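A.B. asks: Have a look at the structure that comes next, please.
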Amino acid sequence: MNNIPKFVLLYCLIHFSYFAFSQNKQDKIRISDELQLIKISDHAFIHISYIPGENNNKIPCNGLLLYDQERAFLFDTPINDSLTRILLSYIKDSLKLKVTGFISNDWHWDSMGGLAAIHESGIPSYAHEMTREIAKSKNLPVHRIGFKDSMQLKLGNLEILCLYLGPAHTMDNIVVWIPSENILFADCMIKELKSPDLGFTGDGDILAYPTTLQKLKNRFPHAKVVIPGHGEFGGTELIDHCIELANRK
Ligand SMILES: [Zn+2]
């Protein structure tokens, strides 16, 4: 008789592991070798596109896809137009969502490398005025709608807040806050935990960087999900890690 509960426990454990494993598998959608989606909340995916790096390593680039009531909003494109077209088709045909807006966090190609494909699809595009000016001066596609300081948008029942807090990784970098999901899409201003340094800062402001990060931390102390430009997402410990990196002399 004593063996029965053990057997039941083992049975449950095996099934639980299987369930957990298949859940985990379900949360990752592989669209192609260069494009993946990871579900992070009831209303959000991270989209990841890959660029070839040194020693056959692929560098992952993060963006965000938010959705509600059959509508979606895209934050940052995959790294180029062709991957952006593939992502837009997948969103339309497989997820059955209509993309009603796009915004990029800065002017770098890993944020807006697919902007021409966004415009091809007739999707309204938004960016900070500074991003539009830099894009214009570099002969890149230019977002149709600009904002200064901050912009609030609605997607179904969800709120979207785009906020400029000052220069850091680039002069024009903004962050995106989704209050209902407690998601902070900080993009390249924030590095993943295993990053040993702030990476490329040649287009940014290394002196202002710590102040901008402190403003970010003060503004969103309860963020549950903090998404960096590259690599693994986490919580506010990613902001602390970057403050430490930015203060290093
Ligand atoms: Zn980047």
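The values are calculated or read from the model by the stated rules, or taken from the named source; none is laboratory data. All of these numbers come straight from a predicted model, not from anything done at the bench. Positions of Cβ are backbone-derived with ideal geometry, glycine not excepted, and every protein chain shown enters the neighbour counts.
A.B. asks: Name the residue, out of GLU244, GLU159, GLU232, GLU237, that is acidic (Asp, Glu) and either closer than 19 Å to CYS61 by Cα or within 16 Å of the ligand (Cβ to nearest atom) (or both).
C.D. replies: Criteria check complete, one pass: GLU232.
A.B. asks: Another one. Give the range 85-118 a look and list any residue that's more than 18 Å from GLU129 (Cα to Cα), part of a helix (DSSP H, G or I) and within 16 Å of the ligand (Cβ to nearest atom), or say none.
C.D. replies: Across the range 85-118, the qualifying residue is only ASP110.
A.B. asks: Residues of the range 218-229 being in contact with a Phe, Trp or Tyr (Cβ under 7 Å, 6 or more places away or on another chain) and either assigned to a helix (DSSP H, G or I) or more than 16 Å from the ligand (Cβ to nearest atom) (or both), which ones? Please lay out each step first, then the result.
C.D. replies: In the first step, residues of the range 218-229 are kept if they are in contact with a Phe, Trp or Tyr (Cβ under 7 Å, 6 or more places away or on another chain); the result is 220, 225-227.
Across the range 218-229, the qualifying residues are PHE220, VAL225.
A.B. asks: Taking LYS215 and the conditions (1) without any contact (Cβ under 8 Å) to a residue 40 or more places away in the chain; (2) outside any loop (DSSP other than H, G, I, E, B), which numbered condition does it fall short on, given that it satisfies the others?
C.D. replies: Every condition holds for LYS215 apart from (1).
A.B. asks: Would you point out which residue out of LEU153, LEU184 is hydrophobic (A, V, I, L, M, F, W, C), away from the ligand (no atom under 14 Å from the Cβ) and surrounded by fewer than 23 Cβ atoms within 10 Å (Cβ to Cβ)?
C.D. replies: Matching residue, one of LEU153, LEU184: LEU153.
A.B. asks: Within the bounds of the range 51-72, is there any residue that is among the aromatic types (Phe, Trp, Tyr) and within 14 Å of the ligand (Cβ to nearest atom)?
C.D. replies: Looking through the range 51-72, none of the residues is among the aromatic types (Phe, Trp, Tyr) and within 14 Å of the ligand (Cβ to nearest atom).
A.B. asks: Of these, THR131, THR201, THR170, which one is within 16 Å of the ligand (Cβ to nearest atom), assigned to a loop (DSSP other than H, G, I, E, B), among the β-branched types (Val, Ile, Thr) and touching a residue at least 40 places away in the same chain (Cβ under 8 Å)?
C.D. replies: Residue meeting the stated conditions: THR170.
A.B. asks: Another one. From the list ILE46, ILE40, exactly one residue is at pLDDT 95 or above and out of contact with any helix residue (DSSP H, G or I) (no Cβ under 9 Å at 6 or more places or on another chain). Which is it?
C.D. replies: Numbers: ILE40 fails: out of contact with any helix residue (DSSP H, G or I) (no Cβ under 9 Å at 6 or more places or on another chain).
Criteria check complete, one pass: ILE46.
A.B. asks: Could you give me the residue pairs with C-beta distances under 9 Å whose first residue belongs to the range 80-107 and is acidic (Asp, Glu), whose second residue is within 16 Å of the ligand (Cβ to nearest atom) and in a helix (DSSP H, G or I) wherever it lies, and which are 6+ apart or on separate chains?
C.D. replies: Here the result reads ASP81/LEU115; ASP106/MET112; ASP106/THR131; ASP106/ILE134, each pair linking the range 80-107 to a residue that is within 16 Å of the ligand (Cβ to nearest atom) and in a helix (DSSP H, G or I).
A.B. asks: May I pose another question? I'd like to verify a number: residues in the range 187-198 that are within 11 Å of the ligand (Cβ to nearest atom), part of a loop (DSSP other than H, G, I, E, B) and either of a type in the set (S, T, N, Q) or in contact with a Ser or Thr (Cβ under 8 Å, 6 or more places away or on another chain) (or both), how many?
C.D. replies: 2
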